[in-house]
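First up is the structure itself, then whatever we jot down about it.
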Amino acid sequence: MRWIEADMRALQNSTTIYSRPVYVSDYLAETFFSKKRSVIVTSATLTVNNSFSYIKKELGLRNTLMEKQIPSPFSYQSQVKLIVPDDLPDIKSVSNDDYVAAITEHIISIAEATKGRLLILFTSHEMLKKLMN
């Protein structure tokens, strides 16, 4: 994957070209996992449908592994609330700036109600940066 970022607020020639591999399984298998006697991989999100198959494939883990899934100590039902506003303008019918202004109002009110304890997911890094400004 390749992309270009330009910072209009910086000095001239502030364009940066980035490149990252989309699939890293072969690279990790050859350069990392094959050179280690043992590796511990831990995260709250390594399984999909209670299986490690997906992450093993993505990380290039081909050998027999010891796997352990530990139940979460958190009560998802009582500690999580999914909030999806239903009164936002259609993103295709307003300018990007108007849409960001509308979601900013919602995010501020939710942040105040939750005392700042929230996770906001964006589909666009540009929208995140606009909201921050």
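The values are calculated or read from the model by the stated rules, or taken from the named source; none is laboratory data. Here the structure is a predicted model, which is why all the values come from computation and not from measurement. For neighbour counting, all protein chains shown are included, and Cβ atoms are generated from backbone atoms with ideal geometry for every residue, glycine included.
Go through the stretch 101-126 and give me each residue that's in a helix (DSSP H, G or I) and of a type in the set (G, A, S). Write out each step before concluding.
Step one: of the stretch 101-126, the residues in a helix (DSSP H, G or I) are 101-113, 125-126.
Scanning the stretch 101-126 gives A101, A102, S109, A111, A113.
Does I110 qualify as being outside the structural domain of V22 (by TED's automatic domain parsing) and either under 30 Å from Y27 (Cβ atoms) or surrounded by 12 or more Cβ atoms within 10 Å (Cβ to Cβ) (or both)? Spell out the reasoning first.
On the way: outside the structural domain of V22 (by TED's automatic domain parsing): yes; either under 30 Å from Y27 (Cβ atoms) or surrounded by 12 or more Cβ atoms within 10 Å (Cβ to Cβ) (or both): yes.
So I110 fits the description; yes.
Of the helices (runs of 4 or more DSSP H) entirely within the stretch 10-100, those holding at least 1 residues that are surrounded by 11 or more Cβ atoms within 10 Å (Cβ to Cβ) occupy 25-31, 53-59. Selection of first residues in the stretch 87-114 that are over 15 Å from N133 (Cβ atoms) and in contact (Cβ under 8 Å) with a residue 60 or more places away in the chain and of second residues that are among the basic types (K, R) and surrounded by 15 or more Cβ atoms within 10 Å (Cβ to Cβ), restricted to Cβ pairs under 8 Å at least 6 apart or on distinct chains, gives an empty result.
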